[in-house]
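Remarks on the structure that follows.
The values are calculated or read from the model by the stated rules, or taken from the named source; none is laboratory data. None of these values were measured; they are calculated from a predicted model. Heads up, the Cβs are rebuilt from the backbone with ideal geometry, glycines too, and the neighbour counts pull from every protein chain shown.
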Amino acid sequence: MSYNYENGYDENVEPKNYGSTPKPNGFTPTCRFCGQTQMQGPYDSQEQADESATMSCDCPEARAYQAEQERKQKREENIVKLKSRLGELQGYCEKRQVNFDNARYDTVLKIGIDVLDGIIDSATLKFARMKVSVGINNKSNLVIKFTYSDGASLEV
Ligand SMILES: [Zn+2]
């Protein structure tokens with residue numbers, strides 16, 4: 001094996017061999033679970049280096065951690081999408097003079113998050129002439145549908 005100190009590392013060397021290589025003035029990324037180390041990189045802190053190592057390690061604990069991080073990230077993204085869709089719903093209600101105040105907004109938001117978290121499978125809310133349904137499609141994406149009924153019958 002050979003080390004190329006000019007370039008910092010030699011791609012042909014297995015990352016696990018770097019554990020015992022002294023790396024002055026840097027952080028050695030180390031998996032938090034199995035302790036496997038990787039080549040140094042431009043990290044701001046030991047914590048950031050370890051996070052990077054843990055996110056790319058393939059030991060079972062690190063893989064479980066990665067899945068959890070992905071799930072969290074996807075949840076955050078879905079909440080952002082949910083809020084954007086609720087913004088559209090707000091505009092939709094406004095155009096039809098349907099009251100969609102903060103209390104209703106918060107209710108639909110909470111239900112949407114419960115659907116994202118798998119606490120409930122789906123929900124349909126009706127208020128004024130609005131029907132809002134929240135559920136998950138077969139790609140695990142949140143789907144919000146809203147329809148306004150203008151009322152087919154006349155009250156006399
Ligand atoms: Zn690991």
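Look at Gln97 and say whether it is in the same structural domain as Lys139 (by TED's automatic domain parsing) and either within 16 Å of the ligand (Cβ to nearest atom) or over 24 Å from Ile119 (Cβ atoms) (or both). Yes: the conditions hold for Gln97. For segment 30-46, a residue qualifies if it is modelled with pLDDT of 95 or more and not polar (S, T, N, Q), and the qualifying residues are Cys31, Arg32, Phe33, Cys34, Gly35.
The requirement of being of a type outside the set (D, E, K, R), in contact with a helix residue (DSSP H, G or I) (Cβ under 7 Å, 6 or more places away or on another chain) and touching a residue at least 60 places away in the same chain (Cβ under 8 Å) is fulfilled nowhere in segment 56-66; no residue meets it. For segment 88-114, the set of residues classified as farther than 17 Å from Lys145 by Cβ and outside any helix (DSSP H, G or I) consists of Gln97, Asn99, Asp101, listed by residue number.
Looking at (1) touching a residue at least 24 places away in the same chain (Cβ under 8 Å); (2) over 24 Å from the mean Cα position of the chain (by Cα); (3) part of a helix (DSSP H, G or I), can you tell me which one Gln40 breaks? Looking at each condition in turn, Gln40 falls short on (3). None of Lys81, Lys74 is surrounded by fewer than 14 Cβ atoms within 10 Å (Cβ to Cβ) and within 20 Å of the chain's Cα centre (by Cα) except Lys74. Candidates Gln40, Gln36, Gln46: the one that is polar (S, T, N, Q) and within 11 Å of the ligand (Cβ to nearest atom) is Gln36.
Conditions tested, residue by residue: (1) modelled with pLDDT under 90; (2) within 16 Å of the ligand (Cβ to nearest atom); (3) more than 30 Å from Lys145 (Cβ to Cβ).
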{"site": "Tyr3", "(1), (2), (3)": "yes, no, yes"}
{"site": "Val13", "(1), (2), (3)": "yes, no, yes"}
{"site": "Asn17", "(1), (2), (3)": "yes, yes, yes"}
{"site": "Cys57", "(1), (2), (3)": "no, yes, yes"}
{"site": "Arg63", "(1), (2), (3)": "no, yes, yes"}
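Taking residues in segment 126-146 that are on the phi > 0 side of the Ramachandran plot, and partners anywhere that are part of a strand (DSSP E or B) and surrounded by 16 or more Cβ atoms within 10 Å (Cβ to Cβ), not one pair has Cβ atoms closer than 7 Å while being at least 6 places apart or on different chains.
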